[in-house]
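Taken together, the values in this text are just the output of simple stated rules run on the coordinates, not laboratory data. As the structure is a computational prediction, the values presented were derived from the model and not from experiment. Glycine gets a Cβ as well: all are built from the backbone with ideal geometry, and neighbour counts include every protein chain shown.
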Amino acid sequence: MSTSFVLNGKPTTLDADPNMPLLWAVREIAGLPGTKFGCGMALCGACTVHLDGQAIRSCVLQLSAVAGRQVTTIEGLHSAAAKAVQAAWIELQVPQCGYCQSGQVMSATALLEKNVAPTDADIDGAMSGNICRCATYARIRAAIHVAAQSIKESA
Amino acid sequence: MISDSPAPGQPTRRVFLKRAGGVSALALTIGFEWAGPARRAAAAMASSPGTVFAPNAFLRIAADDSVTVIAKHLEMGQGAYTGIATIVAEELDADWSRVRVESAPADAKRYGNLALGNIQGTGGSSAMANSWTQLREAGGKARAMLLSAAAKGWHVPVAELTVAKGVVYHAASKREATFGSLVKTAMSLPVPETVALKDPKDFKLIGRRPPRVDVAAKVDGSAQFTLDVVMPGMLVALLKRPSQFGATVKSFDATAAGAIPGVVKVVQVPRGVAVIAKSFWAAKQGRDVLRVEWDDTHAEKRSSADLMSEYRQLAEQPGMPARKEGDAAQAIRSAAHTVSASYEFPYLAHAPMEPLDAVVKLSADSCEIWAGDQFQTIDQANAAKIAGLDPQKVSIHTLFAGGSFGRRANPGSDYIVEAVSIAKAFGADGTPIKLQWTREDDIHGGLYRPMYFHKLTAGLSDKNELTGWKHVIVGQSIMAGTAFAAMIKDGIDATSVEGAATIAYAIPNIAVDLSTTQTGVPVLWWRVVGSSHTTFAVEAFIDEVAHAARADPFEFRRRLLEHEPRMKAVLELAAEKAGWSSVPLPHGKGRGIAVAEAFKTYVAQVAEVSVDASGRVKIDRVVCAVDCGTPINPDIITAQMEGGIGFGLGAVRYGAITLKDGRIEQSNFNNYRVLRMNEMPKVEVHIMPSTLPPTGVGEPGVAPVGPAVANAIFAASGKRIRVLPFANGGDA
């Protein structure tokens with residue numbers, strides 16, 4: 001059975017079990033390994049992707065649920081907000097082991113797409129679903145502020 | 001102090017990035033190529049004769065000026081690749097933008113950890129300490145050979161040459177040559193026996209903040225972890241394990257599992273029954289319906305509450321002496337006042353973000369392994385044994401590990417052995433098989449930080465001087481029953497008592513006793529090992545003693561550390577930066593202090609907390625001072641302190657693995673909670689300047705944060721935390 005949707009801007013049809021979580025469909029069938037497996041229960045955020053611009057956990061969303069919709073993974077991030085987030089992540093040297101960081105970047109980008117001047121409370125709200133066992137949280141927070149500032153400066 | 005501002009003439013990172021043109025340019029400049037065609041090209045270049053200068057096991061310089069540093073240590077987030085490359089590049093005077101890092105093959109002879117004996121492995125916060133002299137010499141000798149090559153070509157004395165950023169200069173004749181152009185000549189020269197190392201004042205990378213070699217690939221999803229390994233024909237295996245440690249397979253019925261589309265084979269292995277499929281999802285569905293009957297004859301069936309009550313009783317009986325100075329019992333008997341408290345610590349899972357995984361390609365005469373491998377030569381030997389091959393026939397490709405915190409360094413190589421046993425049961429036909437653990441497998445999988453019970457008693461004189469200290473520790477040994485058991489001396493596993501037996505305070509009568517228990521629950525070192533519990537017990541208890549002595553907790557510690565200058569200095573620095581004596585806190589807030597030495601690194605922390613009327617605790621701020629000898633990369637040291645603090649906070653607040661009738665009660669991040677963004681305090685890190693040899697920073701930052709917070713909660717609320725995690729209550 002196949003499911004058609006837009007993956008990273010490209011019309012895509014994946015021939016797979018429609019009950020398969022989107023995470024495994026993008027990783028093992030579409031061949032996009034940037035989205036990670038951390039918990040399988042939407043508890044850690046390592047699998048965060050964008051569905052029609054919203055940050056969602058792909059480990060619990062069935063492939064069939066994205067039919068006809070827009071899915072963006074870390075490999076397809078090209079917006080100004082995304083570039084600002086990734087530049088800030090490098091500037092502040094955020095990652096340690098790096099495994100959760102695709103999900104962190106996806107959540108941070110989704111936040112900044114909607115809120116160009118997030119407060120610390122906004123950041124807590126948007127990012128507390130993304131676990132980092134290396135606890136890079138202080139740098140993630142600082143990097144989101146840096147990215148927000150750079151978006152503002154270039155606007 | 002190490003200044004946060006750049007050295008004179010050095011651009012800040014931000015400026016550097018802007019000049020380099022942002023993200024994509026940086027990715028190019030760093031040139032860190034891990035996977036894909038780029039990596040294959042690099043490997044091919046390394047093997048094509050005549051173009052690459054490889055004067056030792058740790059670096060290669062190619063004709064295109066690229067410098068490849070070979071890392072014998074695992075990169076699991078702690079910054080080892082960057083640290084290793086920094087040491088080599090410093091003495092080589094390489095251009096940092098042309099330095100890349102490649103992982104070393106398993107080989108104890110060339111790549112052994114000099115701190116751990118004759119094994120290749122990463123642990124004990126030893127990567128920088130054991131590499132320091134070795135890699136400085138490797139870089140320095142290569143530099144000397146490149147200089148000789150230039151001198152030979154230009155017919156000038158070596159003394160007239162200078163080097164900077166990968167280019168050799170002869171000022172008098174205005175000639176210059178890049179490293180790459182000297183490769184051919186350098187290759188024909190002898191490797192010098194000795195080399196003069198740089199004076200630290202001439203360091204250009206060490207002590208600065210060169211960007212990490214792995215960061216660019218870790219922000220765009222291109223960094224390759226074991227999870228991401230894909231090979232033609234590769235299958236994915238999930239293993240069904242018993243729910244009680246020590247249970248074994250009695251029988252299984254694979255009918256339903258075999259009917260799932262994509263499931264290829266179901267095989268029994270020593271640890272359980274594996275479902276091997278064409279995809280993770282098929283293997284997962286197959287495992288969900290796999291029926292296994294277990295033989296629990298030899299299984300551990302006790303509950304952790306039963307174990308803890310046994311431990312409490314054991315603490316009243318004599319143990320083995322881990323340290324004995326003077327007569328602690330007599331000092332306590334004759335004391336004007338005594339103080340006593342006990343502390344309880346649960347089992348803890350490491351829960352790295354990347355669940356354990358390994359890819360194995362096993363055939364009749366060879367075994368290839370891809371993993372975030374932390375104990376390469378131990379894993380190689382264990383894999384060889386299962387495969388029935390010579391260790392030399394087992395090759396290991398070490399990839400980035402998505403965290404470890406000790407989990408991937410285990411003497412029994414559990415996940416590697418499982419993967420090899422599955423490949424063997426499949427037929428050892430060369431099919432690559434990826435063993436993937438789920439988060440539930442990880443939480444249920446054992447190899448926890450052991451559960452411990454600590455009982456402490458102190459005696460104070462009528463002048464409130466600390467005269468006697470008795471500390472009893474009860475819990476499992478990490479090394480017993482493993483290849484490391486030979487390191488247990490006189491019944492004392494040092495990893496059970498480090499931080500307690502090594503207590504630095506000047507106390508005339510000290511007794512530290514250990515009762516080693518045995519359970520069926522497999523245990524392992526967990527970030528900062530013994531000090532993950534001993535530092536809490538010592539630093540929470542010394543705080544109680546200071547309170548009983550009506551002394552300021554900082555001043556009380558300081559007076560007992562006169563003979564420990566490095567420990568005293570970090571304690572004073574943390575107190576000063578936190579405003580311990582100078583900035584009062586409002587009602588409902590409190591400060592706590594703690595200090596530790598772990599793996600020869602000294603760390604002190606001051607925590608500030610708020611406790612509201614209902615007893616809810618918020619950790620507002622942690623000020624950290626660290627002395628790790630020569631700071632190789634202050635930004636990475638800071639990151640490790642920040643991360644260690646967050647990791648430790650999650651554990652003291654929520655972390656507990658509990659057993660009910662031998663079954664683990666937790667399963668995933670909903671009931672094995674870890675720290676999240678909204679709970680991360682502000683962290684300030686201050687690094688002691690030093691020219692002593694470097695020590696490690698991956699683990700020590702974890703040790704003092706728990707007791708600093710517990711002591712702060714007491715200061716704010718009068719409530720002592722004696723049972724961890726404190727979200728479950730606190731008072732013993």
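Based on what the data block shows, is B:Leu561 under 27 Å from the mean Cα position of the chain (by Cα) and crowded, with 19+ Cβ neighbours inside 10 Å? Against the criterion (under 27 Å from the mean Cα position of the chain (by Cα) and crowded, with 19+ Cβ neighbours inside 10 Å), B:Leu561 does not qualify. For the range B:411-439, the set of residues classified as more than 14 Å from chain A (Cβ to nearest Cβ), surrounded by fewer than 24 Cβ atoms within 10 Å (Cβ to Cβ) and in a loop (DSSP other than H, G, I, E, B) consists of B:Pro411, B:Gly412, B:Gly427, B:Ala428, B:Asp429, B:Gly430, B:Thr431, listed by residue number. Quick check, is B:Glu699 in contact (Cβ under 8 Å) with a residue 40 or more places away in the chain and either within 12 Å of chain A (Cβ to nearest Cβ) or among the polar types (S, T, N, Q) (or both)? So B:Glu699 fails the test. Note on the range B:328-352: among residues that are closer than 11 Å to B:Gly459 by Cβ and assigned to a loop (DSSP other than H, G, I, E, B), the one that is farthest from the other protein chains (Cβ to nearest Cβ) is B:Ser334.
Checking each residue in the range B:496-528 for being part of a loop (DSSP other than H, G, I, E, B) and either among the small types (Gly, Ala, Ser) or closer than 17 Å to B:Leu560 by Cβ (or both) picks out B:Gly499, B:Ala500, B:Ala501, B:Thr502, B:Ile503, B:Ala504, B:Tyr505, B:Ala506, B:Ile507, B:Pro508, B:Gly520.
Of the residues making up the range B:221-249, those that are surrounded by 19 or more Cβ atoms within 10 Å (Cβ to Cβ) and under 18 Å from B:Arg100 (Cα atoms) are B:Ser222, B:Ala223, B:Phe225.
Give me the residue from the range A:60-81 that is among the aliphatic types (A, V, I, L, M) and closer than 15 Å to B:Lys218 by Cβ and, out of that set, surrounded by the most Cβ atoms within 10 Å (Cβ to Cβ). I'd like the intermediate steps shown before the answer.
The initial filter retains those residues of the range A:60-81 that are among the aliphatic types (A, V, I, L, M), namely A:60-61, A:63, A:65-67, A:71, A:74, A:77, A:80-81.
Narrowing further to those that are closer than 15 Å to B:Lys218 by Cβ: A:74, A:77.
On the way: A:Ile74: 27, A:Leu77: 23.
Result: A:Ile74.
Filter the range B:329-363 down to residues that are among the small types (Gly, Ala, Ser) and over 35 Å from the mean Cα position of the chain (by Cα) and give me whichever is surrounded by the most Cβ atoms within 10 Å (Cβ to Cβ). Give the steps one after another, and end with the answer.
Within the range B:329-363, the subset among the small types (Gly, Ala, Ser) is B:329, B:331, B:334-336, B:340-342, B:349, B:351, B:358, B:363.
Right, trim to over 35 Å from the mean Cα position of the chain (by Cα) and you get B:329, B:331, B:334-336.
Values: B:Ala329: 14, B:Ala331: 24, B:Ser334: 12, B:Ala335: 20, B:Ala336: 12.
Among them, the one singled out is B:Ala331.
Comparison of B:Thr495, B:Thr467, B:Thr519 shows that the only residue that is within 20 Å of the chain's Cα centre (by Cα) and either over 19 Å from B:Val723 (Cα atoms) or touching a residue at least 12 places away in the same chain (Cβ under 8 Å) (or both) is B:Thr495.
Test of understanding: among B:Arg212, B:Arg208, which residue is at the interface with another protein chain (Cβ under 10 Å from one of its Cβ atoms), buried (at least 17 other Cβ atoms within 10 Å of the Cβ), charged (D, E, K, R) and under 30 Å from B:Leu147 (Cβ atoms)?
On the way: B:Arg208 fails: at the interface with another protein chain (Cβ under 10 Å from one of its Cβ atoms).
Result of the check over B:Arg212, B:Arg208: B:Arg212.
Note on the range A:20-59: residues that are without any contact (Cβ under 8 Å) to a residue 40 or more places away in the chain, of a type in the set (Gly, Ala, Ser), facing another protein chain (nearest Cβ under 8 Å) and buried (at least 21 other Cβ atoms within 10 Å of the Cβ) amount to 1. A residue that is in contact (Cβ under 8 Å) with a residue 60 or more places away in the chain, touching a helix residue (DSSP H, G or I) at 6+ places or on another chain (Cβ under 6 Å) and within 12 Å of chain A (Cβ to nearest Cβ) can be found somewhere in the range B:703-718. Tell me whether the range A:76-86 contains one or more residues that are closer than 30 Å to B:Ile443 by Cα and within 12 Å of another protein chain (Cβ to nearest Cβ). No: zero hits.
Considering only the range B:66-73, I want to know if a residue exists there that is more than 24 Å from B:Ser404 (Cβ to Cβ), in a loop (DSSP other than H, G, I, E, B) and among the charged types (D, E, K, R). No.
Answer yes or no: is there a residue in the range A:98-117 that is among the hydroxyl-bearing types (Ser, Thr, Tyr), in contact with a Leu (Cβ under 8 Å, 6 or more places away or on another chain), crowded, with 23+ Cβ neighbours inside 10 Å and not in a loop (DSSP other than H, G, I, E, B). Taking every residue of the range A:98-117 in turn, at least one turns out to be among the hydroxyl-bearing types (Ser, Thr, Tyr), in contact with a Leu (Cβ under 8 Å, 6 or more places away or on another chain), crowded, with 23+ Cβ neighbours inside 10 Å and not in a loop (DSSP other than H, G, I, E, B).
Any idea which of B:Ile657, B:Ile632 is surrounded by 24 or more Cβ atoms within 10 Å (Cβ to Cβ), β-branched (Val, Ile, Thr) and more than 14 Å from chain A (Cβ to nearest Cβ)? If you could, list the steps in order and put the result at the bottom.
Details: B:Ile657 fails: surrounded by 24 or more Cβ atoms within 10 Å (Cβ to Cβ).
Answer to the selection: B:Ile632.
Only residues that are assigned to a loop (DSSP other than H, G, I, E, B) and surrounded by 15 or more Cβ atoms within 10 Å (Cβ to Cβ) were counted in the range B:276-321, giving 11.
For the range A:122-150, filtering for residues that are buried (at least 18 other Cβ atoms within 10 Å of the Cβ), in a loop (DSSP other than H, G, I, E, B) and free of Cβ contacts under 8 Å to residues at least 24 places away in the same chain leaves 1. Each residue in the range B:677-709 was checked for being buried (at least 18 other Cβ atoms within 10 Å of the Cβ) and more than 23 Å from B:Phe599 (Cα to Cα), and 4 pass. Taking the conditions (1) closer than 15 Å to B:Gly402 by Cβ; (2) assigned to a loop (DSSP other than H, G, I, E, B); (3) not hydroxyl-bearing (Ser, Thr, Tyr) in turn, A:Arg27 satisfies each one other than (2). In this entry, A:Cys132 passes the filter for residues that are within 9 Å of another protein chain (Cβ to nearest Cβ), of a type outside the set (Val, Ile, Thr) and either within 14 Å of A:Val49 (Cα to Cα) or out of contact with any Asp or Glu (no Cβ under 8 Å at 6 or more places or on another chain) (or both).
Residues satisfying the criterion are present in the range B:277-296 (criterion: among the β-branched types (Val, Ile, Thr), closer than 30 Å to B:Tyr415 by Cβ and more than 34 Å from the chain's Cα centre (by Cα)).
Which ones in the range A:87-105 are within 7 Å of chain B (Cβ to nearest Cβ), small (Gly, Ala, Ser) and either in contact (Cβ under 8 Å) with a residue 12 or more places away in the chain or farther than 30 Å from B:Ile637 by Cα (or both)?
Looking only at the range A:87-105, we keep the residues that are within 7 Å of chain B (Cβ to nearest Cβ), and these are A:87, A:89-91, A:93, A:95-102, A:105.
Next, only the ones that are small (Gly, Ala, Ser) stay: A:87, A:98, A:102.
Those that are within 7 Å of chain B (Cβ to nearest Cβ), small (Gly, Ala, Ser) and either in contact (Cβ under 8 Å) with a residue 12 or more places away in the chain or farther than 30 Å from B:Ile637 by Cα (or both): A:Ala87, A:Ser102.
Is it the case that the range B:305-327 has a residue that's more than 14 Å from chain A (Cβ to nearest Cβ), in contact with a Lys or Arg (Cβ under 8 Å, 6 or more places away or on another chain) and among the aromatic types (Phe, Trp, Tyr)? Scanning the range B:305-327, I find no residue that is more than 14 Å from chain A (Cβ to nearest Cβ), in contact with a Lys or Arg (Cβ under 8 Å, 6 or more places away or on another chain) and among the aromatic types (Phe, Trp, Tyr), so the answer is no. Screening B:Ala551 against (1) surrounded by fewer than 24 Cβ atoms within 10 Å (Cβ to Cβ); (2) under 25 Å from the mean Cα position of the chain (by Cα) leaves a single unmet condition, (2). Considering only residues in the range B:371-385 that are of a type outside the set (Lys, Arg) and surrounded by fewer than 24 Cβ atoms within 10 Å (Cβ to Cβ), the one that is farthest from the other protein chains (Cβ to nearest Cβ) turns out to be B:Ala384.
Of everything in the range B:639-654 that's more than 10 Å from chain A (Cβ to nearest Cβ) and of a type in the set (A, V, I, L, M, F, W, C), which residue is nearest to B:Ala80 (Cα to Cα)? Among those that are more than 10 Å from chain A (Cβ to nearest Cβ) and of a type in the set (A, V, I, L, M, F, W, C), it is B:Met641.
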